[in-house]
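Worksheet: the structure to be examined is printed underneath.
The values are calculated or read from the model by the stated rules, or taken from the named source; none is laboratory data. What you see is a predicted model, and the numbers here were worked out from it, not measured in a lab. Virtual Cβ from ideal backbone geometry, glycine too; neighbours counted across all protein chains shown. Quick note on the areas: whole protein, heavy atoms, side chains included, nothing else; ligands and nucleic acids left out. Shrake-Rupley method; radii C 1.70, N 1.55, O 1.52, S 1.80 Å.
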Amino acid sequence: MSNDNSKSQSSTSNRDRVLIFDTTLRDGEQSPGATMTFEEKLEVADILDTMGVDIIEAGFPIASEGDFEAVTAISKRVKNATVAGLARAALNDIDRCAEAVKHARRARIHTFISTSPLHMKYKLQKEPHEVLEMVTAQVARARNYVEDVEWSAEDGTRTEMDFLCRTVEAAIKAGATTINIPDTVGYTVPEEYERIFRTVRERVPNSDKAIFSVHCHNDLGLAVANTLAGLAGGARQIECTINGIGERAGNAALEEVVMALRTRADVLPYHNQIEATMLTRASKLVSAVTSFPVQYNKAIVGRNAFAHESGIHQDGMLKNAQTYEIMTPASVGVSKTSLVMGKHSGRNAFRSKLKELGYDLGDNALNDAFKRFKDLADRKKIVYDEDIEALVDDEIGHAGERIKVEALTVIAGTMGPQTATLTLDIDGKPVTKQATGNGPVDAIFNAIKALVANEAVLELYQVQAVTEGTDAQAEVSVRLAENGRSVTAKGADPDTLVASARAYVAALNKLMVKRLKGKPEPMTARLKP
Ligand code: KIV
Ligand code: ZN
């Protein structure tokens with residue numbers, strides 16, 4: 001056994017290739033509250049393409065104008081991966097999807113329909129023979145546009161086997177090149193999922209003409225185990241998302257599947273082309289743009305995934321890292337040297353640290369980030385890599401925004417009333433307001449509301465420490481909803497109250513961008529007299 005994951009892989013020639021199909025931008029974005037902006041989607045698509053994802057499912061073009069625009073733009077910019085769009089069985093869905101993916105070097109239409117008795121009866125209100133006809137029609141329609149067509153039997157794991165086989169045969173006959181049997185509701189177990197693939201592949205006469213695909217939801221925490229079982233049953237495409245985000249409990253996590261295949265190459269004879277050292281970076285990006293924190297003990301990318309606290313473990317680690325680590329941190333992009341930057345570090349050291357962490361900032365952004373780093377280093381004894389990442393992500397996130405937090409003074413404590421005096425820079429104009437509230441955060445939010453008129457409802461307010469200690473940076477996530485739209489944003493600062501103000505203002509900026517896209521409105525129109 002070896003800790004060096006590249007060495008533990010046997011030669012790839014005698015191992016089956018599996019395609020990695022990432023649906024962070026489609027199923028992942030369907031997670032309640034995980035909406036990404038247009039620019040954020042492009043950023044995620046870029047990292048997926050660079051890390052070697054085979055197929056990027058970029059969105060659901062008929063779902064909204066924003067989804068259509070994002071799928072179109074991603075199709076135009078992706079260099080290596082196939083770009084897929086999702087479409088229901090309706091012909092106009094497929095036409096809209098084709099319109100969006102047509103710019104891609106390699107385009108795929110992914111079309112689906114429910115095949116389980118429950119879904120056909122209650123959701124579709126259709127008889128099985130009608131669904132069968134729709135399968136042929138939807139795949140044929142998609143094949144008019146592209147050669148690469150994926151068909152999914154929604155709720156496949158609760159579908160009767162005979163009917164599943166008939167629909168799969170019809171889809172392949174109509175031209176589907178990939179057949180996906182999703183575990184839509186996260187209901188299956190590994191043995192059963194493996195058997196479904198084996199049976200369908202054996203029984204369907206034309207099954208050798210398509211690649212079979214797994215798509216597992218995590219309602220019972222079995223998504224990754226089921227995914228691997230599907231491979232044992234003959235599937236050769238894996239649908240997954242970064243950090244496992246997705247409908248309800250999410251999808252199989254890309255990073256977990258990839259590292260399971262890599263670390264246990266001895267018993268899992270499949271290979272893929274993912275650059276695993278980019279997994280941590282991709283996880284951080286998706287967490288930042290969705291404002292979904294990664295749980296500390298999350299496999300592969302959680303901050304404790306390579307941390308050892310107990311004396312016995314630390315002792316073992318010092319003697320030989322393989323005693324308690326089955327993968328090296330470096331193999332997933334975690335640098336071991338996390339404690340090197342401080343108040344004496346200069347601009348060049350800061351620049352090269354950012355490079356090491358995977359950031360490439362322009363001169364202005366670098367200057368702003370350096371200023372904030374110095375400020376942080378003055379206030380905080382130890383500046384960890386995670387602090388710098390939070391700071392830069394925050395800086396990038398706020399670049400180009402129209403409302404900025406200029407200054408904040410808060411009176412808090414037992415005496416009350418808690419009072420916030422806040423200065424915002426709005427379109428270059430400083431405006432100040434004092435407000436009270438039920439606690440300091442409430443006072444700050446009231447001051448913001450007094451300066452920028454809005455109907456937004458606060459749906460989530462969450463504080464997380466970026467690193468350890470009482471001088472740790474706080475990362476605050478805020479979700480605001482206004483007129484049926486919701487946005488999430490983060491703010492980071494060693495002062496939790498400043499981070500709260502930054503997060504709230506960042507969320508307002510996002511709402512403002514959405515609003516301005518629909519109907520131009522000067523920012524000052526939202527200022528209270
Ligand atoms: O979970 C599911 O069934 C899906 C399909 C659209 C593939 O996401
Ligand atoms: Zn799904």
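Observations on the model:
- Any hit, the stretch 139-160, residues being hydroxyl-bearing (S, T, Y), more than 21 Å from D54 (Cβ to Cβ) and within 15 Å of ligand 1 (Cβ to nearest atom): yes
- None of T177, T157 is in the same structural domain as L220 (by TED's automatic domain parsing) and open to solvent by 40 Å² or more (accessible area, probe 1.4 Å) except T177.
- Residue that is farthest from D375 (Cα to Cα), among those in the stretch 336-356 that are open to solvent by less than 50 Å² (accessible area, probe 1.4 Å) and at pLDDT below 75: S338
- Qualifying residue in the stretch 202-223 (condition: away from ligand 1 (no atom under 16 Å from the Cβ), charged (D, E, K, R), assigned to a helix (DSSP H, G or I) and surrounded by 16 or more Cβ atoms within 10 Å (Cβ to Cβ)): no
- Some residue of the stretch 192-200 being in a loop (DSSP other than H, G, I, E, B), away from ligand 2 (no atom under 15 Å from the Cβ) and surrounded by fewer than 18 Cβ atoms within 10 Å (Cβ to Cβ): no
- Checking each residue in the stretch 368-385 for being modelled with pLDDT of 75 or more and open to solvent by 70 Å² or more (accessible area, probe 1.4 Å) picks out D368, K371, D375, D378, R379.
- Wholly enclosed strands (runs of 3 or more DSSP E) of the stretch 409-491 bearing at least 2 residues at pLDDT below 90 and polar (S, T, N, Q): 457-465
- Restricting the stretch 105-128 to residues that are within 19 Å of S213 (Cβ to Cβ) and among the aliphatic types (A, V, I, L, M), the residue that is surrounded by the fewest Cβ atoms within 10 Å (Cβ to Cβ) is A107.
- In the stretch 187-201, the residues that are of a type in the set (A, V, I, L, M, F, W, C) and farther than 12 Å from F212 by Cα: V189
- Which listed residue, of I444, I388, is out of contact with any Gly (no Cβ under 6 Å at 6 or more places or on another chain), under 29 Å from E356 (Cα atoms) and crowded, with 20+ Cβ neighbours inside 10 Å: I388
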